[in-house]
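Asker: Provided herewith is a single structure, encoded as structure tokens, for subsequent inquiry.
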Number of protein chains: 2
Amino acid sequence: MADGKSKLLYLDDVSVGQRFTSGTYHMDLKRMKEFAEEFDPQRFHLDDDAAQQSIFRGLAASGWHTAAVTMRLNVLGDLQFAGGLIGLGGEIEWPRPTRAGDTLRVESEILEITPSRSKPNQGIVRLRITTLNQRNEPVQVFTAKLLVPRRA
Amino acid sequence: MADGKSKLLYLDDVSVGQRFTSGTYHMDLKRMKEFAEEFDPQRFHLDDDAAQQSIFRGLAASGWHTAAVTMRLNVLGDLQFAGGLIGLGGEIEWPRPTRAGDTLRVESEILEITPSRSKPNQGIVRLRITTLNQRNEPVQVFTAKLLVPRRA
């Protein structure tokens with residue numbers, strides 16, 4: 001990260017199909033329950049027995065915890081746009097639960113690059129950001145729209 | 001919440017256009033920076049001066065913090081589906097930043113109700129979940145797909 005500035009990407013630098021990866025993140029049981037207590041206090045995120053009886057058939061992380069961890073992995077990974085990772089929004093889905101003890105990582109691929117018509121100094125990059133567990137199963141797919149500057 | 005059980009909603013109980021509200025949540029500066037340090041360590045979420053120079057023109061919460069707070073407001077609000085709030089995914093957008101000191105609340109409206117063809121005991125509710133600040137400006141719009149059980 002120390003010389004990260006030299007690798008900052010502008011809209012002009014990227015191409016459709018380009019891929020990015022991240023490091024890994026260990027989903028800790030205690031932190032998973034704390035996050036759920038603060039932001040998603042539902043029984044299947046907090047209580048083992050209740051979770052076994054639920055649709056998740058076992059304790060599951062809040063989807064928003066998976067989303068937050070995904071952001072961390074991207075910010076610290078090799079997807080380094082000039083101006084930062086500025087998400088306007090996107091489509092998110094959680095095809096399967098994240099479990100305590102999972103090791104998550106992110107793989108991203110550029111789907112579309114759209115220079116702005118009204119603002120010649122920026123554009124939109126559409127990116128599929130897939131969060132995978134240690135069995136390479138997707139736990140989240142976020143198709144994001146990011147605001148990316150052009151080279152001056 | 002004590003007698004929440006009596007108000008649990010099944011697919012059969014809700015209709016398109018039905019609306020739900022939440023309590024409020026105060027965005028605390030310290031907690032906002034802590035969340036960003038843990039999950040979205042970018043300068044415009046952490047450092048006032050850097051944030052002033054950024055597209056946000058001032059310190060902004062991570063969008064995922066807004067999303068997590070929105071979940072809390074819904075879980076503790078009057079949107080009480082049987083089986084819990086189980087999101088399969090949806091479209092999320094952040095039309096403007098959340099700031100420290102903001103007071104957030106949620107308004108939700110049912111857009112569509114689709115009984116499952118293959119699983120007669122459940123269906124999908126499509127819901128527009130709008131997170132508003134104290135000026136009634138939307139800071140997040142999440143059009144979610146929730147899994148909701150039918151009455152046995």
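The values are calculated or read from the model by the stated rules, or taken from the named source; none is laboratory data. None of these values were measured; they are calculated from a predicted model. Reconstructed Cβ throughout: ideal geometry from the backbone, glycine too, with neighbour counts over all protein chains shown.
Asker: What residue, among those in region A:100-125 that are surrounded by 18 or more Cβ atoms within 10 Å (Cβ to Cβ) and among the charged types (D, E, K, R), is farthest from residue A:20 (Cα to Cα)?
Answerer: So the residue we want is A:102.
Asker: Would you mind finding the one in B:93, B:107 that is modelled with pLDDT of 95 or more, within 12 Å of chain A (Cβ to nearest Cβ) and over 17 Å from residue B:11 (Cβ atoms)?
Answerer: B:93
Asker: Where the second residue is hydrophobic (A, V, I, L, M, F, W, C) and the first is in a loop (DSSP other than H, G, I, E, B) and lies in region A:121-140, which pairs have Cβ atoms under 8 Å and are six or more apart or on separate chains?
Answerer: Matching pairs, first to second residue: A:121/A:152; A:133/A:104; A:133/A:139.
Asker: Okay, moving on. From the residues in region B:33-81 that are over 21 Å from the mean Cα position of the chain (by Cα) and of a type in the set (D, E, K, R), which one is surrounded by the fewest Cβ atoms within 10 Å (Cβ to Cβ)?
Answerer: It comes out as B:49.
Asker: Within the set of pairs 6+ apart or on separate chains, which have a first residue in region A:18-44 that is within 11 Å of chain B (Cβ to nearest Cβ), a second that is part of a helix (DSSP H, G or I) and of a type in the set (D, E, K, R), and C-beta atoms under 6 Å apart?
Answerer: Going by the 6 Å Cβ cut-off, the qualifying pairs are A:39/B:72.
Asker: Taking the stated definitions as given, is residue B:135 more than 9 Å from every other protein chain (Cβ to nearest Cβ), out of contact with any strand residue (DSSP E or B) (no Cβ under 8 Å at 6 or more places or on another chain), more than 23 Å from residue A:84 (Cα to Cα) and not hydrophobic (A, V, I, L, M, F, W, C)?
Answerer: yes
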